[in-house]
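Enquirer: Okay, handing you the structure first.
Derivation of every value follows stated rules applied to the coordinates shown; laboratory data play no part. A quick note: this is a predicted structure, and the numbers were derived from the prediction, not measured. Cβ sites come from the backbone with ideal geometry, for glycine too, and all protein chains shown count toward neighbours.
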Amino acid sequence: MSTAHATASSEQELISIAQEAVSQCNWTVGECAAQWTVKFAKGRTDADFANLVHLSPDQVYQRRRVWETFGDVRGQYPHLKWSHFYSAVAWDDAAECLQWADEIQATVAEMKAWRRAQRGEDLSLPADDEPYMLLAGESVAVRMPIDGEEAPFDGAVPGNGSGVQTDPTASSFARETGDYAPFNAGAVTVPDKASSLDERVPPSAEQIFKRLTSTCEKFSALLSDEVISEFQYLDGKSQRRLVKAFETLMEKMQPIAG
């Protein structure tokens, strides 16, 4: 946990802590901004603090708001990154969504998709706050949320938590869609803390079952009577492939289903 509020005895000390943390930890910057607002602002705003630490006003506001909302509870979600909390900062069901994401170590995109499914939204359509189709089935260039990065309000690319700038553009939609990384890890081209894809640790059985459950729930919500009625119009190969996949899954689930 950050201790900026406990170690800084002056405005300059607090600013110095924030400056050093800009490329290292968004939580520390957010905490410093919140403490500065309370103790030293004297009518000044996020824009003034941003000028002092060399960030944009939007970036300071984002970090401060996330800290003020989740700073005292973030330890309850040890598997989540700052970007998870940033995405959920305005959600009325944030606690539920963060808990779900932490339990299965979901990505930001998976957490968003799960929330939309729980709310009965059509996942074949883009969300109001998403610039791309979640399940469009096409390769598109997307912005990858990485640790230490917020949504692209001003086009800035902050650090990835290690001080190293990382290109957040992916040539595949896999991580940001329902095509979850554990089942299509090779499609992700953005390195995670400089580790290669060959070094990825396979998901545990518990993670696989939890992700399978969430995936089934999501697509069950999508399968309305109208969608099911369109099955007859699929080409024969697609029909057979779907039926075969379903039969294979049911066969493998037989020991569990009893």
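Enquirer: Using 0.36 nm per residue of separation minus the Cα-Cα distance, give me the extension gain between Ala47 and Ala245 in nm, one decimal.
Expert: 65.8 nm
Enquirer: Which pairs in the list Lys210/Lys252; Lys81/Lys112; Lys210/Lys244; Lys39/Lys81 are over 20 Å apart, alpha-carbon to alpha-carbon?
Expert: Lys210/Lys244; Lys39/Lys81
Enquirer: If r is the Cβ-Cβ distance from Ser204 to Ser224 and R0 is 35 Å, what FRET efficiency results, to the nearest 0.05?
Expert: Once rounded, the FRET efficiency stands at 0.60.
Enquirer: From the mean inverse distance of alpha carbon pairs (Kirkwood) and the Cα radius of gyration, derive Rg over Rh for the range 1-100.
Expert: In the range 1-100, Rg relative to Rh is 0.98.
Enquirer: Based on the Cβ-Cβ distance of Ala257 and Trp91, what FRET efficiency does E = 1/(1 + (r/R0)^6) give at R0 = 41 Å, to the nearest 0.05?
Expert: 0.75
Enquirer: Order of 92-102, 111-121, 237-247 by packing, highest average Cβ count within 10 Å first?
Expert: Values: 92-102: 16.3, 111-121: 18.2, 237-247: 10.7.
Listed from highest to lowest mean packing, they are 111-121, 92-102, 237-247.
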